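*Asks:* Following this message is one structure expressed as structure tokens.
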Amino acid sequence: MVIDAELHADQEKVLLENDSRQENLWGINLYPDDFQDEDFIEFDSMINLRPSWGNRSRGVDDENIQQKIIEIVNKFVI
């Protein structure tokens, strides 16, 4: 997990250089002021556009993947 960069693509590059697999990388935004709300995590990033993998939006369309992302964020951020 990488936080605080100008663009999600910058974070993606760091993770790929450190042996992460592309299919496991998703872009999200965190809003600390909304820490207690469901709006804390926003599933929105250009790196999420993956039509060939079935993700046709800037969001994370698969709810199972969303849940995994939430678990990771809770583990490292909260």
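The values are calculated or read from the model by the stated rules, or taken from the named source; none is laboratory data. The model shown is predicted, which means the values in this text are computed figures rather than measured ones. Quick reminder, even Gly has a Cβ in these numbers, built from the backbone with ideal geometry, and neighbours come from all protein chains shown.
*Asks:* Please verify whether SER57 is out of contact with any strand residue (DSSP E or B) (no Cβ under 7 Å at 6 or more places or on another chain), surrounded by 12 or more Cβ atoms within 10 Å (Cβ to Cβ) and of a type in the set (Ser, Thr, Tyr), treating the condition exactly as stated.
*Replies:* Details: out of contact with any strand residue (DSSP E or B) (no Cβ under 7 Å at 6 or more places or on another chain): yes; surrounded by 12 or more Cβ atoms within 10 Å (Cβ to Cβ): yes; of a type in the set (Ser, Thr, Tyr): yes.
Yes: the conditions hold for SER57.
*Asks:* Give all pairs with beta carbons closer than 6 Å in which a residue from region 20-34 that is on the phi < 0 side of the Ramachandran plot meets a residue that is β-branched (Val, Ile, Thr) and part of a strand (DSSP E or B); count only pairs at least 6 apart in sequence or on separate chains.
*Replies:* Short answer, once both residue conditions are applied: ILE28/ILE41.
*Asks:* Checking the condition more than 21 Å from LYS13 (Cβ to Cβ) and assigned to a helix (DSSP H, G or I), which residue from ASP61, ASP39 passes?
*Replies:* Numbers: ASP61 fails: assigned to a helix (DSSP H, G or I).
From the options ASP61, ASP39, the qualifying one is ASP39.
*Asks:* Another one. Among the residues that make up region 13-21, is at least one of them modelled with pLDDT of 95 or more, surrounded by 13 or more Cβ atoms within 10 Å (Cβ to Cβ) and of a type outside the set (Lys, Arg)?
*Replies:* Going residue by residue through region 13-21, those that are modelled with pLDDT of 95 or more are 13-21.
The next check asks that each one be surrounded by 13 or more Cβ atoms within 10 Å (Cβ to Cβ); those that pass are 13, 15, 20.
Filter again for of a type outside the set (Lys, Arg), leaving 15, 20.
Looking for residues that are modelled with pLDDT of 95 or more, surrounded by 13 or more Cβ atoms within 10 Å (Cβ to Cβ) and of a type outside the set (Lys, Arg), one finds at least one in region 13-21, hence yes.
*Asks:* Determine whether ASP62 is at pLDDT 95 or above and either among the basic types (Lys, Arg) or surrounded by 13 or more Cβ atoms within 10 Å (Cβ to Cβ) (or both).
*Replies:* Answer is yes for this residue.
*Asks:* Please go through region 1-12 and give me each residue that is over 15 Å from VAL60 (Cα atoms), surrounded by 14 or more Cβ atoms within 10 Å (Cβ to Cβ) and in contact (Cβ under 8 Å) with a residue 24 or more places away in the chain, ordered by number. Walk me through it before giving the result.
*Replies:* Step one: filter region 1-12 for residues over 15 Å from VAL60 (Cα atoms), giving 1-7, 9-12.
Next, only the ones that are surrounded by 14 or more Cβ atoms within 10 Å (Cβ to Cβ) stay: 2, 11-12.
Selection gives GLU12 alone.
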